[in-house]
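The values are calculated or read from the model by the stated rules, or taken from the named source; none is laboratory data. Bear in mind the structure is a predicted one, so any value in this text is a computation, not a measurement. Note that we place each Cβ from the backbone using ideal geometry, even for glycine, and neighbour counts take in every protein chain shown.
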Ligand code: NAD
Ligand code: UDP
């Protein structure tokens, strides 16, 4: 298949590219390099089944494609809050442009949605039938509401035009190829610990997240994309093991052998207190569940961050 990945030079996009090329597909990546990097795709450039194009998804794009993964969107709060209007445009216009392309080419399209559609959830674990608790005017709204509107668009393109859609709700994912300045918690703590700098803990550190190693996540996305067409989602993809940010910091300090100390900082507004996916649906529909636990995944990430910091 010829597969288009928007946001293909980003963290998840680069791992997905590797998987799709390995499976024998052609990959066309489009990216505006807002948070993605050339380094992430350097190793594919010699592959005859790969090309990368600088393009902003808010502008229509055309190519002969059989399948689309719509990943373009800054995912780190630091970056999406830096350009909130651009973030919302990326979700909305990017989704419309890619859905139009899917419609025109009769291509299947997979949306990288997020656990953020649940906002600061009132139930735990979060199940797909939960409608969420999102502040529509807060500093996270550009991302959360953009992704919620994208989900609506995907289902409307399905209902109105019969476009073949798949919607994944991705929970916190980490691993190699995250940018050093990404700003999300795992990369921040690793970068800080490896340099013996203070660990920036927002709030009391008792808020929780459930971290999925990127190879597990890519496997879930792959299985969803190639599942039979009745499976549309939205479907949670994440690791259900939940940790406090203090536990994460302690683990990272231990595994890096760091002298870093924890420094408490104010909690940003609307920061969700808990997050844990119910993955029963993914287990049942895709026979998918994560296999790499946090300790192993952090260990596997340490080497990457060490090398990246030494460059
Ligand atoms: P990332 O920031 O590394 O990747 C996003 C990519 O999209 C980057 O390469 C960036 O340059 C590109 N991009 C941004 N705006 C664009 C635009 N207007 N046009 C073209 N390209 C654009 O983040 P990631 O973690 O790889 O996330 C990929 C996708 O998965 C995002 O849609 C994100 O919302 C979703 N997601 C990620 C996580 C996670 O924990 N990593 C969780 C939930 C959802
Ligand atoms: N966080 C932190 N220190 C950091 C970065 C993040 O304590 O340097 C906290 C953040 O407040 C949140 C959690 O870690 O409670 C996860 O943040 P991240 O930005 O990775 O993703 P989110 O799930 O909030 O979108």
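Quick grid of which residues meet (1) in contact (Cβ under 8 Å) with a residue 60 or more places away in the chain; (2) touching a strand residue (DSSP E or B) at 6+ places or on another chain (Cβ under 8 Å):
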site	(1), (2)
19	yes, no
39	no, no
44	no, yes
48	no, no
60	no, no
68	yes, yes
78	yes, no
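Residue under question is residue 168, and the condition is that it be within 12 Å of ligand 1 (Cβ to nearest atom), assigned to a loop (DSSP other than H, G, I, E, B) and in contact with a helix residue (DSSP H, G or I) (Cβ under 8 Å, 6 or more places away or on another chain); does it hold? Criteria not met by residue 168.
Within the range 128-165, the only residue that satisfies the criterion of being farther than 25 Å from residue 106 by Cα and either in a strand (DSSP E or B) or at pLDDT below 95 (or both) is 133.
Of all the criteria given as (1) touching a residue at least 12 places away in the same chain (Cβ under 8 Å); (2) more than 16 Å from ligand 1 (Cβ to nearest atom), the one not satisfied by residue 219 is (2).
Pick from the range 100-143 the residues that are under 21 Å from residue 31 (Cα atoms) and within 19 Å of the chain's Cα centre (by Cα): which of them is farthest from ligand 1 (Cβ to nearest atom)? Here the answer is 109.
Looking across the range 1-17 at every residue that is touching a strand residue (DSSP E or B) at 6+ places or on another chain (Cβ under 7 Å) and surrounded by fewer than 23 Cβ atoms within 10 Å (Cβ to Cβ), the one that is farthest from residue 78 (Cα to Cα) is identified as 1. In the range 245-260, the residues that are without any contact (Cβ under 8 Å) to a residue 60 or more places away in the chain reach residues that are surrounded by fewer than 16 Cβ atoms within 10 Å (Cβ to Cβ) and in a helix (DSSP H, G or I) with C-beta atoms within less than 8 angstrom, at least six apart or across chains, in these pairs: 251/295; 255/295; 255/299. Considering only residues that are within 13 Å of ligand 2 (Cβ to nearest atom), touching a helix residue (DSSP H, G or I) at 6+ places or on another chain (Cβ under 7 Å) and touching a residue at least 24 places away in the same chain (Cβ under 8 Å), which ones fall in the range 132-165? Scanning the range 132-165 gives 139, 140, 142, 143, 144, 147. In the set (1) within 16 Å of ligand 1 (Cβ to nearest atom); (2) modelled with pLDDT under 95, the condition left unmet by residue 229 is number (1). Need a quick list: helices (runs of 4 or more DSSP H) entirely within the range 16-127 having at least 1 residues that are closer than 27 Å to residue 307 by Cα and out of contact with any helix residue (DSSP H, G or I) (no Cβ under 7 Å at 6 or more places or on another chain). It comes to 38-41, 77-82. Within the range 180-194, residues that are within 10 Å of residue 309 (Cα to Cα) reach partners that are assigned to a loop (DSSP other than H, G, I, E, B) and within 14 Å of ligand 1 (Cβ to nearest atom) with beta carbons closer than 6 Å, at six or more positions or on different chains, in the pairs 191/180.
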